[in-house]
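I'd like to ask some things about the structure below.
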Amino acid sequence: MLLLILTVFVGAPLAAWVARFGRIQSAWAAGLVTIVAVLQLITLMPAVFEGETLIHQWDWMPRAGLNLSFRLDGLGLLFALLILGIGLLVILYARYYLAARDCMGRFYAYLLLFMGAMLGIVLSENIIQLLVFWELTSLTSFLLISYWQERADARQGARMALAVTGAGGLAMLGGFVLLGHIVGSYELSVILQSGDVIRAHPLYLPTLVLILLGAFTKSAQFPFHFWLPNAMSAPTPVSAYLHSATMVKAGVFLLARLFPALSGTPEWSALVGGAGLATLLVGAVFALFKHDLKGLLAYSTISHLGLITLLFGIGTPLAAVAGVFHIINHAIFKASLFMAAGIIDHETGSRDMRRINGLWKYMPHTAMLAMVAAAAMAGVPLLNGFLSKEMFFAEAVSASTHLRLGWLLPATVTVAGVFAVAYSFRFIHDVFFNGEPVDLPKSPHEPPRWMKVPVEMLVALCLLVGILPALTVEPLLTLASSGMLNQPVPDFDLALWHGFNIALAMSVVALVGGGLLYVARQPLFELHDRFEHRLQAKPLFDRTIGGVLGAAGAITRALDTGSLQRLVALFVAFAAVLGISGFVASDSPLTGPRDLLPVDGISLLAAGGLAAAALATVIMHRQRLVSLILIGVVGLVVSLVFVKFSAPDLALTQLSVEVVTIVLLLLALYFLPRRQQPDSHPGHRARDVVLSVVAGGGVAALAWAVLTRPYDTIADFFLANSVPGGGGTNVVNVILVDFRGYDTLGEITVLALAALGIFAMLEGLHLKGPTRDDEGRPWSPDMHPPVMASLTRLLLPLALLVSAFIFLRGHNQPGGGFIAGLVTAVALIMQYLANGVAWTQSRLPANMHPVLAMGLLVATLTGLASWLFGHPFLTSTYTYLYWPLVGKFEVASAMVFDLGVYLVVVGATLLILIHLGLMHSASHQAPADTGDYR
Amino acid sequence: MIDIALVIAFTLVGLAVAFTLYRLLRGPSAPDRILALDTLYVNTIALLVLLGIHLGSNIYFEAALLIALMGFVGTVALCKFLLRGDIIE
């Protein structure tokens, strides 16, 4: 079954790709894919007909109850057949329907995606998986409805369908989670057996309501029906597919699927039956008044979905069987009607029934087909619609005996029946008779031969099922019903003639009444025209959506005024309030029990210097260069603090990062004014001073409180396991490349991506720099003073040696790939500083992308290599070699990983700094290079 | 003996750091501050080496080595900025 669904999903890009070779080829590909899927389904059929329920399952996250599991029983089989069968006909039909300017590949790709999602719904065993496919149908139907993207009504209709069905899907997710909570499993086999538990549970009602919201929105039940008529802006093949056999049937499928689990309570009857009855009536009445051919069919679809829902709502097994039967019949006649409407639209250029009249003369063949299908829709004897409608009337009558005011149910149902007959009459009479066509864009004629074939096949089915039900549909219906009910199927009789009974009387009333109603339609139309503008759901929907968007926008604008100062102030204020209130509420002392360490003069001096430099940075922050120098002091003292508290790795990293930061900021400073005028309001400054003192004091107090308390860390574990587990005595490095190697791999990937992102942003950007320094003096004409150039050239090998030294010893002593990488990068940057871009790039390849790629590749391959030895990703190993002169020497696979880190750091740092530097190479021209010191 | 020498050395280097900090904060010109930062680097190296002697450990010497290297680059970059504005050209 997985294969079946995969076939369809893989077929989608295939159909899109094949479209390069021609429009017809794409249709063939889509058709072949569907046929392959049908064949796969047929191989599974014998087992299902023997009464088996096929379940194929693959564990994914079994402890969370999430599995990939598929289920094929009678109900699933029936729906899969409908989806694939009508899908195949729609593919054939669309081949002739779509105009030359429409992109075939895109259409068939969407259609197949949608088909796959629908199959996923009806074949799912796990309800969460079902929901995923459910949402996929919402998304793919959005793509299908908005297929004519250039049309505003198509886009709006698609958006409305997505909003309504998507919201329903969200509600349904809640319902499914509750259902899983009640039952303890997300598997349908368990859920369907637990009907009694579910119905007795206190959470039954919320569960039911949430799931029904999902089903009703999808099936366009009143009051969520309004999206369906608006979705009529889709191409007609899409309407024929979505609104006959698939999309809207997903909702009633869900009702059928969960029928054994949820039905049989007063709540179920009230909600499902009530919604069904209202939808039945509303749909039937509105259908009569639509002048648009597809609009009529849309409302009739709503009405028939209401009928099916009502049957499930009645709740008896026999009614549910009738519901399934009507699902089949409706799929058949509605698909053919939509296709016929599409043909008429295609050949006349209009869908307005006030203009298309008298087509019998021009397209008798199509007219005959459409009339038979419309008669089936009306429930005329000898056609399939009659049989299920009779069953429906009979069930409505028998259900009414249990209800107070029970006679209302058959009465309302009969009224709906009258309207159904009337709109079917209108479909036939208005379109094919009723005088001559009025002002049509095209002169009508018969469509191409093969465009009618799908309609013919469906109409033939209408007749076959209607005349010989026992031979055609009965085995499948029995099978589907047994799959749905999870219990023996009640006896039902699909005979044409049941004798004179109430149901027959209702049918007769509906047929005669419908005819009379149509004859007397004019006054009703006038009444409708007068009130039509009040009954439009679209403006209401648009207003609601507009209101929600407006409210969201207002909230966003109220919080985010585009001022960073304001956001930071709010953030800091909230942090301070929360922190202080938390501390006050906790009632614990500020100073913990730990003894304080002795203070020495040098530490005092360092702390004083740190505080003074930090303060001075704040005070002089408007003189940018000075504040940069002061930040350099802060960084230096911080690294001294790291040294003092035995973190040499951190100190080395801090020192390297410090100088890279200075270079980076200097590059940026070039474009900024050296002095910045104070621009903030005095009131704001007062606020900021208070805020920063409170927040800074709070952090200081917090640090004090934490540092004076003894606490256990995971450091002991790493200290104990560093040598036996990672083979290195430098715990920091072993954590980076071994214990947390996976994190490091992620981090270097991010670093590489950041570097590429910066590269992409700076690419081609040239800014103008100032021509004089901030005191108005011209820049020194000497670009590369020879003393500096010669010195830094000498320094390069030494710096690289330091880098290699730090890299090699990293695993056991302070150092490692990250620091070594920074040192190398700084050594190379120094050449750019002192010798210039031209000199350096003629000796060193400027393109750093291969270095980044190499680094990531080396790191990843090191991780993958452990798979060769059957260990998990990034398992490290180490051994000891004896080299002459050096002696015992450790080699760890983590060092290769560290090499990857090294390469990425070098590549990223150089890439960023050099491209920042090159950004203004064009801004002030260098004097002619004498080159005498080269 | 070494202890007395260490105390004297720490005091002197500490004084030097204090003076450098003063110059750094006081300025007044940018070259003054850059030079002060460079001197601070040198003093820091001295402090680290003294600390290593005091604790009898050579684990701090890499930090001193790195300060020597990095401090130089930082000073070069700042000076280049004063001279030309554009440091990578």
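Over all distinct Cα pairs, what is the inverse of the mean 1/r for region A:329-461, reported as the Kirkwood hydrodynamic radius in Å?
15.9
What FRET efficiency, computed as 1/(1 + (r/R0)^6) with R0 = 41 Å and r the Cβ-Cβ distance, is obtained for B:Ile4 and A:Thr591, rounded to the nearest 0.05?
The pair B:Ile4/A:Thr591 has a calculated efficiency of 0.65.
Can you pull the accessible area of A:Phe671 for me, 1.4 Å probe, Å² to the nearest 10?
About 50 Å², ignoring ligands and nucleic acids.
Which residues among region B:62-89 fall inside the zone where the amide N is under 19 Å from a point 7 Å beyond the Cα of A:Ser780, along Cα→Cβ?
So the set is B:71-89.
Can you compute the equivalent ellipsoid semi-axes for region A:599-754, i.e. the square root of 5 times each eigenvalue of the Cα gyration tensor, sorted largest first and rounded to whole Å?
Over the Cα atoms of region A:599-754, the semi-axes work out to 35, 23, 16 Å.
Here is a follow-up. Return P(r) of the protein assembly as shown (all Cα-Cα pairs; 20 Å bins starting at 0; whole %; ordered from short to long distances).
11, 29, 22, 22, 14, 2, 0
Same structure, new question: Taking the simple approach of a point 7 Å from Cα along Cα-to-Cβ for both B:Ala18 and A:Leu524, what is their distance in nm?
My value for the distance between the label points is 10.4 nm.
Can you tell me the FRET efficiency between A:Gln565 and A:Arg622 if r is taken as the Cβ-Cβ distance and R0 is 25 Å, rounded to the nearest 0.05?
0.95
How many percent of the alpha carbon pairs in region B:2-84 exceed a separation of 19 Å?
When all Cα pairs of region B:2-84 are counted, 46 percent exceed 19 Å.
How long is the gain from A:Leu408 to A:Arg354 if the chain were fully straight, where each residue apart is worth 0.36 nm and the alpha carbon distance is subtracted?
Gain in length upon complete extension: 15.9 nm.
Would you mind counting up the charge near A:Gly157? Only other residues with Cβ under 14 Å from its Cβ, with Lys and Arg at +1 and Asp and Glu at -1.
Local net charge: +1.
Compute from the Cα atoms of region A:672-796 the Rg and the Dmax, the latter being the longest Cα-Cα distance, and quote both in angstrom.
When restricted to the Cα atoms of region A:672-796, Rg and Dmax are 25.2, 63 Å.
Quote the FRET efficiency, to the nearest 0.05, computed for A:Thr556 versus A:Val177 with a Förster distance R0 of 30 Å and r equal to the Cβ-Cβ distance.
So the FRET efficiency works out to roughly 0.50.
Still on this structure, please answer the following. If I model a spin label as a point 7 Å beyond the Cα along the Cα-Cβ vector, how far apart are those points for A:Ala647 and A:Asp600 in nm?
2.0
Given the alpha-carbon gyration tensor of region A:4-156, what are the semi-axes of its equivalent ellipsoid in whole angstrom, ordered largest first, with each equal to the square root of 5 times an eigenvalue?
Taking √(5λ) for each Cα gyration eigenvalue gives 29, 18, 13 Å.
The values are calculated or read from the model by the stated rules, or taken from the named source; none is laboratory data. Here the structure is a predicted model, which means the values were calculated and not measured. Cβ atoms come from the backbone with ideal geometry, glycine included; neighbour counts cover every protein chain shown. Accessible surface is based on the protein model in full, side chains and every heavy atom, while ligands, DNA and RNA are left aside. Shrake-Rupley method; radii C 1.70, N 1.55, O 1.52, S 1.80 Å.
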